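J.: Pasting in a structure now, in structure tokens, and then I'll have a few things to ask.
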Amino acid sequence: MKKSDANYKYYLDILKKELVPAMGCTEPIAIAYASALAKKVLDDDIIKVDVFASGNIIKNVKSVVVPNTNGKKGILVAAAIGICGGNADKKLEVIADVKKEDILKMETFLEYTEMNLHRIQSGCTLEITVEVTGIKHCATVHIRNTHANVVLVTKDNQILYQKEDIVQMEEGYSLHLKDIYDFAMSVDVNDVKETLQRQIDYNYAIAKEGLDKGYGANISNILLHTYGDSIEIKARALAAAGSDARMSGCELPVIINSGSGNQGITASMPVYAYAMELNSSEEQLYRALVISNLTTLYQKQFIGRLSAYCGAVSAGAGAGAGITYLLGGDYEHICHTLVNALAITSGILCDGAKPSCAAKISSAVDAGIIGYAMFKEGKQFYSGEGIVGNSIEHTMKGIGQIARDGMKECDDEIIRLMINS
């Protein structure tokens, strides 16, 4: 693929757009962002807050610690810290600069301000509206489809900002695995170095924090203590460590993929671990990360950003694709690695962001590694065996149907169980 090709710029722009920093789990951060922006627009003392959220947003906020809140959880906490200490200009790093006095202000705000949560049932899986009512004014911020995609801002019922795509269900890409491979093999690494090195630096820092301090369920150290420190285990542990840290409120930022910090960590840290073990060159590492990140996004275009289908599955398979390249695999190897991995782990449910995400990530990365090992040994899962199709595209279309349509009722039941627990 040449630099002059339209696809070259297309894939480069996707990497730069998707691999951006976020602090904390992206669903509560999106609520904090919407709330901080609503407060900024209102310019009044707030007496009431109403948060409207889709079921998948509620699911992914319920059990995760919001950073810079003294260990508190929940949607109303996310809204309160966004209002009391957020900087809306920083978008998904909205609460990165919260001070101690902001946390004290948040605690008072939670105690004395009327705050209500309402579930949205519009068919859009990622949707947030924050309405703030002041003494003299009111303001609304509406986010839809992606975590920082503001589509409507109003003050006193007057529209200040509105995007034309307010009724779209979800922004999607048109990615093709062969084009991804060609781009990864031909890209000038200087064009992606800054984006990918930032991903390595941020995500390794939080993974090391998780390893050193044993956050959450401490899956990473359990893996290492139980199974040893082979490269397969280290790759799984490094990804799990980053997840455990961020699910438990670690205040370090991560570089996300598909709007998810867990997926950003999973798509990058196992590849980094293998590159270090194999003494791969910097160029090889960057090309492997291009494969892993874009392959993860390729899968998500079929599945959607939020559903009952665990996102770690896609990122774990993506990591397997990147590792396959580092181990000498080509396009055919990558295709078979993905199909084999997805045949193993596609049934994992997403029941929200929480400590068990780290264990699911470990399993998904393991499936990615096994997927390549199978093909290297001349073994694979064949078309007609369960959900496996006659190509990676056919397999992904089937998985997309399962995730978007077949698991919709399952997703609703998960959300009902979580809300009523």
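The values are calculated or read from the model by the stated rules, or taken from the named source; none is laboratory data. Please read all numbers here as calculations on a predicted model, not as lab measurements. Neighbour counts are summed over all protein chains in view; Cβ atoms, including those assigned to glycine, are modelled from backbone coordinates with ideal geometry. Surface accessibility is based on the protein's heavy atoms, side chains included, excluding ligands, DNA and RNA. Shrake-Rupley method; radii C 1.70, N 1.55, O 1.52, S 1.80 Å.
J.: Please work out if A184 is within 19 Å of the chain's Cα centre (by Cα), hydrophobic (A, V, I, L, M, F, W, C), open to solvent by less than 40 Å² (accessible area, probe 1.4 Å) and modelled with pLDDT of 95 or more.
T.: Criteria not met by A184.
J.: Give all pairs with beta carbons closer than 7 Å in which a residue from region 222-237 that is open to solvent by 30 Å² or more (accessible area, probe 1.4 Å) meets a residue that is assigned to a helix (DSSP H, G or I) and of a type in the set (A, V, I, L, M, F, W, C); count only pairs at least 6 apart in sequence or on separate chains.
T.: Final answer for the pair search is L224/I233; L224/A237; Y227/I233; E232/I369; K234/A273; R236/L223; R236/V365.
J.: Can you say whether A184 is touching a residue at least 40 places away in the same chain (Cβ under 8 Å), in a helix (DSSP H, G or I) and among the small types (G, A, S), as far as the supplied structure shows?
T.: Taking the combined requirement at face value, the residue satisfies it.
J.: Moving to a separate point now. Return a yes/no flag: does region 305-317 have any residue that is surrounded by fewer than 24 Cβ atoms within 10 Å (Cβ to Cβ), out of contact with any Cys (no Cβ under 7 Å at 6 or more places or on another chain) and among the hydrophobic types (A, V, I, L, M, F, W, C).
T.: no
J.: Could you list, in sequence order, all residues of region 100-117 that are within 30 Å of the chain's Cα centre (by Cα), within 17 Å of G74 (Cβ to Cβ) and part of a helix (DSSP H, G or I)?
T.: I103, M106, E107, F109, L110
J.: Sticking with this structure for a sec: What are the residues in region 350-386 that are open to solvent by 70 Å² or more (accessible area, probe 1.4 Å) and more than 18 Å from I334 (Cβ to Cβ), if any?
T.: Listed by number, the residues that qualify are E385, G386.
J.: Return the pairs, sorted by first residue and then second, in which the second residue is surrounded by fewer than 23 Cβ atoms within 10 Å (Cβ to Cβ) and not in a helix (DSSP H, G or I), the first residue lies in region 66-77 and is on the phi > 0 side of the Ramachandran plot, the beta carbons are less than 7 Å apart, and the residues are 6+ apart or on different chains.
T.: N68/E251; G71/G249; G74/K62
J.: Continuing with the same structure: So K91 ticks every box in (1) at positive phi; (2) outside any helix (DSSP H, G or I); (3) basic (K, R) but one. Which box is left unticked?
T.: Failing condition for K91: (2).
J.: Now for a different question. Across region 368-405, what is the number of residues that are of a type in the set (S, T, N, Q) and either closer than 26 Å to L326 by Cβ or in a helix (DSSP H, G or I) (or both)?
T.: 4
J.: Would you tally the residues in region 387-405 being open to solvent by 30 Å² or more (accessible area, probe 1.4 Å) and not acidic (D, E)?
T.: 8
J.: I want to confirm something. Restricting to region 242-290 and keeping residues that are among the acidic types (D, E) and part of a helix (DSSP H, G or I), which single residue is least open to solvent (accessible area, probe 1.4 Å)?
T.: In this case the residue turns out to be D244.
J.: What number of residues in region 121-134 are surrounded by fewer than 20 Cβ atoms within 10 Å (Cβ to Cβ) and at pLDDT below 95?
T.: Looking only at that region, the number is 4.
J.: Looking only at region 28-47, filter to residues that are open to solvent by 10 Å² or more (accessible area, probe 1.4 Å) and part of a helix (DSSP H, G or I); which one of those is nearest to K73 (Cα to Cα)?
T.: The selected residue is Y33.
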